[in-house]
1. Being touching a helix residue (DSSP H, G or I) at 6+ places or on another chain (Cβ under 7 Å) and either surrounded by fewer than 17 Cβ atoms within 10 Å (Cβ to Cβ) or within 18 Å of residue 321 (Cα to Cα) (or both) is the filter here; which residues of the stretch 172-181 pass it?
2. What's the total number of residues in the stretch 179-190 that are within 19 Å of the chain's Cα centre (by Cα) and touching a residue at least 60 places away in the same chain (Cβ under 8 Å)?
3. Can you tell me how many residues within the stretch 134-164 are buried (at least 21 other Cβ atoms within 10 Å of the Cβ) and at positive phi?
4. Tell me which residues, restricted to the stretch 156-178, are part of a loop (DSSP other than H, G, I, E, B) and more than 22 Å from the chain's Cα centre (by Cα).
5. Spot the failing condition for residue 28; the list is (1) in a loop (DSSP other than H, G, I, E, B); (2) modelled with pLDDT under 85; (3) more than 14 Å from residue 124 (Cα to Cα), and only one is missed.
6. Any idea how many residues of the stretch 231-272 are on the phi < 0 side of the Ramachandran plot, modelled with pLDDT of 95 or more, surrounded by fewer than 23 Cβ atoms within 10 Å (Cβ to Cβ) and out of contact with any strand residue (DSSP E or B) (no Cβ under 6 Å at 6 or more places or on another chain)?
7. Assess whether residue 256 counts as being in a loop (DSSP other than H, G, I, E, B), touching a residue at least 60 places away in the same chain (Cβ under 8 Å), under 19 Å from residue 108 (Cβ atoms) and more than 19 Å from the chain's Cα centre (by Cα).
8. Exactly one of these conditions fails for residue 347: (1) surrounded by 15 or more Cβ atoms within 10 Å (Cβ to Cβ); (2) farther than 28 Å from residue 33 by Cα; (3) touching a helix residue (DSSP H, G or I) at 6+ places or on another chain (Cβ under 8 Å); (4) without any contact (Cβ under 8 Å) to a residue 60 or more places away in the chain. Give me its number.
């Protein structure tokens with residue numbers, strides 16, 4: 001996710017610099033502190049809103065026309081809910097789960113919006129991956145032949161590796177069968193090895209690592225969460241579209257849907273390729289626009305830019321070859337609480353409290369920025385329980 005090497009450069013040429021970072025003078029931490037859970041609260045906040053200072057970046061350019069939000073006629077003021085016999089409300093959730101900003105959309109209108117810990121509407125905050133949506137668009141554009149397309153046809157660096165025979169669908173479901181340890185806090189894990197490759201800023205180092213991994217299971221039989229798979233997916237899309245992912249995202253979503261602000265996206269090396277699994281830095285409202293775009297079935301200008309049926313297929317439980325149902329779609333987390341399962345809700349969930357929750361039954365989108373101290377799923381309140389309660393209150 002983040003690194004404290006202070007590589008201040010950004011790619012030049014066609015990639016314009018994003019708007020100035022209003023928090024650029026703050027002291028920030030290091031990636032080792034983040035993964036070890038060793039950042040104090042103020043340091044975590046400063047680091048998470050300054051990731052554009054940490055690696056070379058491409059700019060995701062916004063256009064001139066902005067998708068504006070109206071205010072809901074009946075705003076959300078508070079919401080109360082119970083967890084294991086204890087009562088909580090909105091203020092408990094914000095405080096206990098270290099939420100630094102939140103926006104709630106109901107029917108595409110702002111029902112609640114708050115910025116904490118010095119954040120503002122201009123603050124750009126770190127996110128995880130939205131690369132799966134770019135893969136869907138590339139399929140719609142005919143640049144990726146389909147879900148059964150072979151990974152190695154788009155990523156030659158993986159030929160002869162455990163990714164031989166693995167399909168795009170296998171990667172989207174994180175069921176490639178390639179061995180992976182995602183433990184963030186373990187310095188010997190594969191996730192930390194991928195981070196070291198990112199820190200090295202050497203072209204091709206991430207795919208060199210992925211090509212070295214052994215096979216642990218037959219493809220399509222085991223689900224193993226892997227940030228490495230998101231990096232592979234990014235390389236697939238890049239190999240298919242023949243342009244930087246930041247440009248493709250700007251061309252397909254950021255400008256035509258009407259994002260308000262430029263965003264940035266980390267590179268694997270100076271003038272290199274985007275990090276598929278992390279490194280986008282954008283404003284709260286633009287993340288909410290992305291959630292609303294997905295809620296609206298990827299519709300821009302009256303028609304969807306996603307393959308037919310993609311949103312439903314990508315956001316609901318998928319099935320392994322052995323018939324096992326997963327609480328996972330195509331790099332979207334499906335609902336696991338009673339309310340979210342009933343409503344078919346799903347989300348993009350990042351470590352340390354980044355969330356985009358989408359509830360299609362109640363037409364609600366919730367976006368949060370978080371600064372939780374450890375990447376170990378230790379938040380006191382399951383965010384889906386709170387999001388479900390918000391959706392019920394607005395209904």
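1. 172, 174, 176, 181, listed by residue number.
2. Summing the residues that are within 19 Å of the chain's Cα centre (by Cα) and touching a residue at least 60 places away in the same chain (Cβ under 8 Å) in the stretch 179-190 gives 1.
3. 0
4. Once the filter is applied, which keeps residues that are part of a loop (DSSP other than H, G, I, E, B) and more than 22 Å from the chain's Cα centre (by Cα), the stretch 156-178 yields 159, 160, 161, 162, 163, 164, 165, 166, 177.
5. Unmet for residue 28, out of (1) in a loop (DSSP other than H, G, I, E, B); (2) modelled with pLDDT under 85; (3) more than 14 Å from residue 124 (Cα to Cα): (2).
6. Within the stretch 231-272, residues that are on the phi < 0 side of the Ramachandran plot, modelled with pLDDT of 95 or more, surrounded by fewer than 23 Cβ atoms within 10 Å (Cβ to Cβ) and out of contact with any strand residue (DSSP E or B) (no Cβ under 6 Å at 6 or more places or on another chain) number 9.
7. So residue 256 passes the test.
8. Among (1) surrounded by 15 or more Cβ atoms within 10 Å (Cβ to Cβ); (2) farther than 28 Å from residue 33 by Cα; (3) touching a helix residue (DSSP H, G or I) at 6+ places or on another chain (Cβ under 8 Å); (4) without any contact (Cβ under 8 Å) to a residue 60 or more places away in the chain, the lone unmet condition for residue 347 is (2).
The values are calculated or read from the model by the stated rules, or taken from the named source; none is laboratory data. Since we're looking at a predicted model, the values are computed, not measured. Quick reminder, even Gly has a Cβ in these numbers, built from the backbone with ideal geometry, and neighbours come from all protein chains shown.
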